Amino acid sequence: MILDSLKLDGKVAIITGAGRGLGRAMALKLADAGADIVAAARTQSQLDETAEAVRKTGRKCLIVPTDVTVSAQVNALAAATVKQFGKIDILVNNAGGGDDSRVVQLPEITDDEWRRGIDTNLSSQFYGCRAVIPQMVKQKRGKIINIASGYGLRGGKHNFMYACAKGGTIQLTRSMALTYAQFNIQTNCIVPGVFPHDEATKQFFKGGKFIPVGRMGEDRELGPLAVFLASDASNHINGELIAIDGGGLAGGIAPTGVSPESSKQMAVEK
Amino acid sequence: MASSNASNDFSLQGKGALVVGAEHSVGCAAAVTLAEAGARVVLASQEPGTDKRLKEVAKLVNAAGTKPVIRVQDAAMRADLSATADLAAKELGGLHILVNALDTPAYGPAEADDDTAFDKIMENNLKTVWMSCQEGGRVMLRQGGGVIVNITSVLAERGVPNAALYCAAKAAVLNLTRALALEWARKGIRVNAIEAGWLDDESSPANKDDEFSKTILKYLPYHRLVKPEELGGALLYLVSPGAGFVTGESIAVDGGLRARV
């Protein structure tokens, strides 16, 4: 039965960046589908809130404060999961972030800023994959979900570290998928469109008027996709990117969501 | 222990689905999946003369959950597609889901193809999809929304020898999907695609005891062909209410084939 294959009862899922936003939304939906949750993030208080919400669904939640840019901490996260639950079924490499609205001229980007951008968004996901793979290979099953971005596929003005790292995420996903298919481990990417978490982002994207469906995403909308990619219903989907972006990538930003005859007016408004 | 709620997110209770090309293995599997998730289904053929096969498919769909309506038609005829879309809306209490599983594989050397081959291959694999989207879309626009899934192939994004026109048609379906998704984005209709990998079914060129099939199997990440029912998860996700922010997208069900060099 197809609906049974979407259940995650008895599964154990690690989610990084689980303290807020998309990470928390995915953790809650995975728990809702039946998985016990290992919530990782830097800020303890936010993790506590996530854990409380997870436990309300009737699932267990292990909190592991983690800085995903430090590989030793990511290794410890995997070890703590195995110690507590004896296995790792699902890893969601979600932690990361970029600043879309910040304009910095290229010559002003320091070596340190470059490395921090790459570490936060790409090295963190590599560390996550590397940390869980021995256990998943031993189990001969596993699901890894890397969170990428439309900027991993298309460029953006003044967007260097984030776009490069997210492009790397996509290639990491493909190479993981091909390398570990033989161990029944599927690695896929979610490519979220605009899911704003602050006013500046909302304003930068003008409330979503350039998104084909005419609106921005809501965090909870990522949940079912995470469940699908974590479940047996996606067992032959591997190395794939699934965009959840209201049609953004199908057309490209500006002018999207408008017909050619009205695009002139749209450009004026912008 | 609380029981999981996953099925709530993906339930299609109360939804009506039209599957065009239901005589094919992929269309049949799609219809079964939709019925399992609770949808009521109209099974429409790609080609006439498929009554017997559609009855077999109907039995499987019925066993999966709901008794389907059968509609034998020629998907190359606009009048047929138009009548089918109207019939589905009437029988189902609205056309919420349209799956186009329209496909007629065509393999052969390019230099041997004449203009009739071009017209026929494009008609079977592209024009039928286009017209079905138009006719289904017309009903959905009238009712204020719906979701369309076009089944295409990984050959939409990869070439293969001896199938130039087939590859071109499959690519066209993919970009047709994107363009329609944008056009109807603000009218409540989502349009997405599934790219099937090399399938294990009767019409597949890759499940023979020959050099081509051996090469394909070696190249596939899982060293096996895709079973039609394995498209079910992607289909159910795409048509479910939980995918409300997903449009103009395609999901490859190919074990990772498209990811590799």
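The values are calculated or read from the model by the stated rules, or taken from the named source; none is laboratory data. Predicted, not measured: the structure shown is a model, and the values here were computed from it. Every residue, glycine as well, gets a Cβ built from its backbone with ideal geometry; the counts of neighbours run over all protein chains shown.
Kindly establish whether B:Gly93 is on the phi > 0 side of the Ramachandran plot and surrounded by 17 or more Cβ atoms within 10 Å (Cβ to Cβ). For B:Gly93, the condition - on the phi > 0 side of the Ramachandran plot and surrounded by 17 or more Cβ atoms within 10 Å (Cβ to Cβ) - is not met.
Is it true that B:Leu199 is closer than 17 Å to B:Asn100 by Cβ and facing chain A (nearest Cβ under 10 Å)? Considered against the rule, which asks whether it is closer than 17 Å to B:Asn100 by Cβ and facing chain A (nearest Cβ under 10 Å), B:Leu199 comes out as no.
The residues in region B:135-163 that are part of a helix (DSSP H, G or I), touching a residue at least 12 places away in the same chain (Cβ under 8 Å) and either of a type in the set (Phe, Trp, Tyr) or under 27 Å from A:Val213 (Cβ atoms) (or both) can be counted, and the count is 10. Filter region B:96-119 for residues that are touching a residue at least 12 places away in the same chain (Cβ under 8 Å) and part of a helix (DSSP H, G or I); which is farthest from the chain's Cα centre (by Cα)? That would be B:Ala110. Residues considered: A:Ala72, A:Ala41, A:Ala53. Of these, the only one that is more than 14 Å from every other protein chain (Cβ to nearest Cβ), surrounded by fewer than 24 Cβ atoms within 10 Å (Cβ to Cβ) and over 17 Å from A:Asp9 (Cα atoms) is A:Ala72.
As for region A:127-145, it holds no residue that is within 12 Å of chain B (Cβ to nearest Cβ) and without any contact (Cβ under 8 Å) to a residue 12 or more places away in the chain. The residues on offer are B:Ala106, B:Ala164, B:Ala172, B:Ala156, and the sole one that is over 16 Å from B:Val20 (Cβ atoms), within 14 Å of chain A (Cβ to nearest Cβ), surrounded by 14 or more Cβ atoms within 10 Å (Cβ to Cβ) and touching a helix residue (DSSP H, G or I) at 6+ places or on another chain (Cβ under 6 Å) is B:Ala156. Restricting attention to region B:187-216, and to residues there that are surrounded by fewer than 16 Cβ atoms within 10 Å (Cβ to Cβ) and part of a helix (DSSP H, G or I), which single residue is farthest from the chain's Cα centre (by Cα)? Only one residue tops the list, namely B:Glu211. The set of residues from region B:220-236 being within 9 Å of chain A (Cβ to nearest Cβ), assigned to a helix (DSSP H, G or I) and not hydrophobic (A, V, I, L, M, F, W, C) comprises B:Glu229, B:Glu230, B:Gly232, B:Gly233.
Here's the yes/no breakdown for (1) under 23 Å from A:Gly142 (Cβ atoms); (2) in contact (Cβ under 8 Å) with a residue 24 or more places away in the chain; (3) touching a Leu at 6+ places or on another chain (Cβ under 8 Å):
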| position | (1), (2), (3) |
| --- | --- |
| A:Ala27 | yes, yes, no |
| A:Gly34 | yes, yes, yes |
| A:Ala39 | yes, yes, yes |
| A:Gln84 | yes, yes, yes |
| A:Thr120 | no, yes, no |
| A:Ser124 | yes, yes, no |
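Restricting the search to helices (runs of 4 or more DSSP H) fully inside region A:197-270 and requiring at least 2 residues that are surrounded by fewer than 17 Cβ atoms within 10 Å (Cβ to Cβ) and either more than 7 Å from chain B (Cβ to nearest Cβ) or at pLDDT below 85 (or both) gives A:199-204, A:260-269.
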